[in-house]
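S.K.: First, the structure itself, so that you have it in front of you.
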Amino acid sequence: MALGDLGRSARMQYHAHALAAHGVDVDLVGLEGTPLPRAIAGEARIAVHRLRPSTLRAHTTRVGAGYAIVALVDAARLSFRLWRTLKSLTRPDLVLVQNPPAFPTLVVSWFALRRTGVRFVIDWHNLGYTLLRLRLGRWHPAVRLARWFERRDARRVDANLCVSRSLAAFLESRFGVRQARVLYDRPAAVFAPLERADRERYRQALFARLGIRGGLVGFIVCPTSWTEDEDFDVIIDAVSRLEERIRGWEAVGPGRRFADVVILVTGDGARRAEFERRFAGLPARRIHLRARWLEPEDYPRVVGSADLGLCLHRSSSGLDIPMKIADLFGAGVPVCALDYGACLAERVRHGDNGLLFSTAVQLADVLFDLFETFPADQKRLDRLRAGARKSARPTWEEGWVREARPVLLPDT
């Protein structure tokens, strides 16, 4: 169960597919929106139930108490729709709930489905109260109440899965959870490295669709959900600084020309229109910034055709690791990631499978160094690619069997 756009809830889709592959009938519940991949929509053992979202918050610019009131109305409307859907289902043996959002997902499912013999498990992607804190501020009563609810729910369910060791340690030390089990985001089987010729052929077709002309062009993919915990200002500032540095580099000697580089920001979300307008105002001599929505079947090939992945996630809690990093590693693509703390080092090793940066200046320097000799000399990129390929194992399917199956299917 994921009270977000079900088509963009990849981890819950992977759970559903893995459970179905082990002979379990699955009711997958979430919100309407992005179409589901064929692997989910066409799976006979998975019954999909999509709810109409309540969107009052999307049409308000209020903050503070005003926003909290609107959010409560949204939650009440969504709670009723969720309750009605859950009560129509056959009684389950297992309820797996994605968090965040913590409210109203768990409280409604608890009262609708809680019976003797029904196990409840939370899969922690992040801490919901820290996301609310981005909008309302650290000491807002709604934030403190949300933290209390999350702590209570974490302790009363049967088991907890989470995406990092840091998050597991937090749940155990701050929320009093016993033995939170770490299930890292891993790449699904559709994310696989492309051979150099296939990669070049596919990216040239992609560049034509994006209106990019030229021969050998560097390609950076930046997967995103356009959410509040992603820092797009840093890429806008970095592109301006990088263009300025390139102009100085090209002016040093006649005939010098830096490679063209395309940065494709994928996905869709509420903030996309605002930043597309800002992207359009940037100088585009050598660095071409584009934003596009990709169909689920196209996305793995686009990722696999990139030279570098860019992650702009700035964790609200400092404890989560975005799934886009796993997708990139699965495709053999190294990651250039915004550094938000020690948790990220569990997956991204600077200089081995990726590079870390903290400011726009550092990002501009990293991109300049990587593409200064492109495409003639790609030794540094090749070393990072090798590290990314090693980081792709185990796959999601392998990791799920080892780490999640004992929690979700203890008797099989």
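S.K.: Restricting to the stretch 319-351, and then to whatever is β-branched (Val, Ile, Thr) and farther than 17 Å from Ser166 by Cα, can you tell me which residue is surrounded by the most Cβ atoms within 10 Å (Cβ to Cβ)?
M.R.: Val333
S.K.: Which members of the stretch 109-145 meet the condition of being of a type in the set (Phe, Trp, Tyr) and under 26 Å from Ile321 (Cα atoms)?
M.R.: Hits for the stretch 109-145 are Phe120, Trp124, Tyr129, Trp139.
S.K.: Among Ala65, Ala102, which is at pLDDT below 85 and touching a Phe, Trp or Tyr at 6+ places or on another chain (Cβ under 7 Å)?
M.R.: Ala102
S.K.: Take Phe258 and tell me if it is assigned to a helix (DSSP H, G or I) and not polar (S, T, N, Q).
M.R.: So Phe258 does not fit the description; no.
S.K.: Only one of Phe219, Phe232 is at pLDDT 95 or above and either on the phi > 0 side of the Ramachandran plot or not basic (Lys, Arg) (or both); which?
M.R.: None of the other options fit; the residue is Phe219.
S.K.: What is the number of the single condition among (1) within 22 Å of Ser166 (Cβ to Cβ); (2) part of a loop (DSSP other than H, G, I, E, B); (3) touching a residue at least 60 places away in the same chain (Cβ under 8 Å) that Phe374 does not meet?
M.R.: (1)
Let's see how each residue does on (1) touching a Ser or Thr at 6+ places or on another chain (Cβ under 8 Å); (2) among the small types (Gly, Ala, Ser); (3) farther than 18 Å from Gly248 by Cβ; (4) in a helix (DSSP H, G or I):
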| residue | (1), (2), (3), (4) |
| --- | --- |
| Gly332 | no, yes, yes, no |
| Ala337 | no, yes, yes, no |
| Cys343 | yes, no, yes, yes |
| Leu355 | no, no, yes, no |
| Ala364 | no, yes, no, yes |
| Leu367 | no, no, no, yes |
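S.K.: Would you please name the residue that is surrounded by the fewest Cβ atoms within 10 Å (Cβ to Cβ), looking only at residues in the stretch 175-205 that are touching a Lys or Arg at 6+ places or on another chain (Cβ under 7 Å) and outside any loop (DSSP other than H, G, I, E, B)?
M.R.: Tyr202
S.K.: I'm told Trp249 meets every condition in (1) modelled with pLDDT of 90 or more; (2) of a type in the set (A, V, I, L, M, F, W, C); (3) crowded, with 16+ Cβ neighbours inside 10 Å except one. Can you identify the failing condition by its number?
M.R.: Trp249 satisfies every listed condition except (3).
S.K.: Any idea how many residues of the stretch 268-294 are part of a loop (DSSP other than H, G, I, E, B) and free of Cβ contacts under 8 Å to residues at least 60 places away in the same chain?
M.R.: 10
S.K.: Need the failing condition index for Glu250 against (1) assigned to a helix (DSSP H, G or I); (2) touching an Asp or Glu at 6+ places or on another chain (Cβ under 6 Å), just the number.
M.R.: All conditions are met except number (2).
S.K.: Search the stretch 216-247 for residues being among the aromatic types (Phe, Trp, Tyr) and within 18 Å of the chain's Cα centre (by Cα), and hand back the single one that is farthest from Glu372 (Cα to Cα).
M.R.: Within the stretch 216-247, the match that is farthest from Glu372 (Cα to Cα) is Trp226.
S.K.: So is Ala39 surrounded by fewer than 19 Cβ atoms within 10 Å (Cβ to Cβ) and either of a type in the set (A, V, I, L, M) or assigned by TED's automatic domain parsing to the domain that holds Trp124 (or both) or not?
M.R.: yes
The values are calculated or read from the model by the stated rules, or taken from the named source; none is laboratory data. These numbers were taken from a predicted model, which means no experiment stands behind them. Cβ atoms come from the backbone with ideal geometry, glycine included; neighbour counts cover every protein chain shown.
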